[in-house]
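Written below as structure tokens is the structure these notes are about.
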Amino acid sequence: EEVFVDLVEKFSLSEKELPVILYQFSNKFRDETRARGGLIRVREFLMKDAYSFNATSESLDQTYNEMYKAYGRIFEKLGINAVAIEADSGAIGGKVSHEFMAPSEAGEDEYLECIKCGYKANREKIGKENLCPKCKNVLKVNHGIEVGHVFRLDDYFSTPMNATFTASDGTKKKFLMGCYGIGIERNL
């Protein structure tokens, strides 16, 4: 994320040039203790990342929602029954994120689902509580494999890095960001 913030900052963008979405395909490395789930959770894999840079919260909402829907269509075309669940953003930052999970009894990730209202979230988001935050119904535990993730980062990176664009009134404002990733080889 920091590399892309630094890159976009160098372009001295104006508000009328936003939003900007940059894509990257690269090898990623994870410190997995062992390969899990066949080739799904290996230490090295090809990843598609995208980073959006927006001027307003409304623009970021639109980009985030478009990416969220696009990911759903991608998994559908791949024949993967991916379930979108609320997720904790963890070390990447931000307050809003969704994981796309492929339900599987062999999956090592846990997500919880409310049969009554349809709410879904990962264990990190819910914590030890086993009640739905929306309707207080008991949550069902499911297992799955993470196949994609989208994050609404807001100014989590742009503020500490002082990454700005020139607003229409001539002032400098912080970029609002989103981050979107699919482990390509994890979806084949």
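The values are calculated or read from the model by the stated rules, or taken from the named source; none is laboratory data. Bear in mind the structure is a predicted one, so any value in this text is a computation, not a measurement. Cβ atoms come from the backbone with ideal geometry, glycine included; neighbour counts cover every protein chain shown. Heads up: the accessible areas ignore ligands, DNA and RNA and are worked out on the full protein's heavy atoms, side chains in. Shrake-Rupley method; radii C 1.70, N 1.55, O 1.52, S 1.80 Å.
How many residues are touching a helix residue (DSSP H, G or I) at 6+ places or on another chain (Cβ under 9 Å) and either of a type in the set (S, T, N, Q) or free of Cβ contacts under 8 Å to residues at least 60 places away in the same chain (or both) if we restrict to segment 47-88?
Summing the residues that are touching a helix residue (DSSP H, G or I) at 6+ places or on another chain (Cβ under 9 Å) and either of a type in the set (S, T, N, Q) or free of Cβ contacts under 8 Å to residues at least 60 places away in the same chain (or both) in segment 47-88 gives 8.
Can you tell me which residues in segment 131-188 are closer than 26 Å to GLY118 by Cα, open to solvent by 40 Å² or more (accessible area, probe 1.4 Å) and of a type in the set (Gly, Ala, Ser)?
Answer for segment 131-188, where residues must be closer than 26 Å to GLY118 by Cα, open to solvent by 40 Å² or more (accessible area, probe 1.4 Å) and of a type in the set (Gly, Ala, Ser): there is none.
Go through the residues of segment 111-121 one by one and say whether even a single one is at pLDDT below 95, assigned to a strand (DSSP E or B) and touching a Phe, Trp or Tyr at 6+ places or on another chain (Cβ under 7 Å).
Checking segment 111-121: not a single residue is at pLDDT below 95, assigned to a strand (DSSP E or B) and touching a Phe, Trp or Tyr at 6+ places or on another chain (Cβ under 7 Å).
Return the pair list, or none, for Cβ contacts closer than 8 Å from residues in segment 103-116 that are touching a residue at least 12 places away in the same chain (Cβ under 8 Å) to residues that are polar (S, T, N, Q) and open to solvent by 60 Å² or more (accessible area, probe 1.4 Å), at least 6 apart or on different chains.
PRO103/ASN81
What residue, of VAL147, VAL141, is among the hydrophobic types (A, V, I, L, M, F, W, C) and either in contact with a helix residue (DSSP H, G or I) (Cβ under 6 Å, 6 or more places away or on another chain) or touching a residue at least 60 places away in the same chain (Cβ under 8 Å) (or both)?
VAL147
Would you tally the residues in segment 64-91 being open to solvent by less than 20 Å² (accessible area, probe 1.4 Å), under 12 Å from the mean Cα position of the chain (by Cα) and under 18 Å from PRO103 (Cα atoms)?
So the answer is 3.
Return yes when ASP61 is surrounded by fewer than 19 Cβ atoms within 10 Å (Cβ to Cβ), touching a Gly at 6+ places or on another chain (Cβ under 9 Å) and within 30 Å of VAL8 (Cβ to Cβ) and no when it is not.
No; evaluated as a whole, the condition is false for this residue.
May I ask you to verify whether GLU2 is open to solvent by 30 Å² or more (accessible area, probe 1.4 Å) and modelled with pLDDT of 85 or more?
It is true that GLU2 is open to solvent by 30 Å² or more (accessible area, probe 1.4 Å) and modelled with pLDDT of 85 or more.
Counting only residues that are modelled with pLDDT of 85 or more and under 24 Å from SER26 (Cα atoms), give me the strands (runs of 3 or more DSSP E) lying completely in segment 38-110 with at least 2 of them.
Where strands (runs of 3 or more DSSP E) fall fully within segment 38-110 and carry at least 2 residues being modelled with pLDDT of 85 or more and under 24 Å from SER26 (Cα atoms), they are 44-54, 96-103.
Out of segment 98-116, which residues are touching a Lys or Arg at 6+ places or on another chain (Cβ under 7 Å), under 21 Å from ARG186 (Cα atoms) and open to solvent by less than 50 Å² (accessible area, probe 1.4 Å)?
Within segment 98-116, just TYR111 meets the criteria.
Tell me which residues, restricted to segment 159-188, are at pLDDT below 95 and not in a strand (DSSP E or B).
Correct list: ILE184, GLU185, ARG186, ASN187, LEU188.
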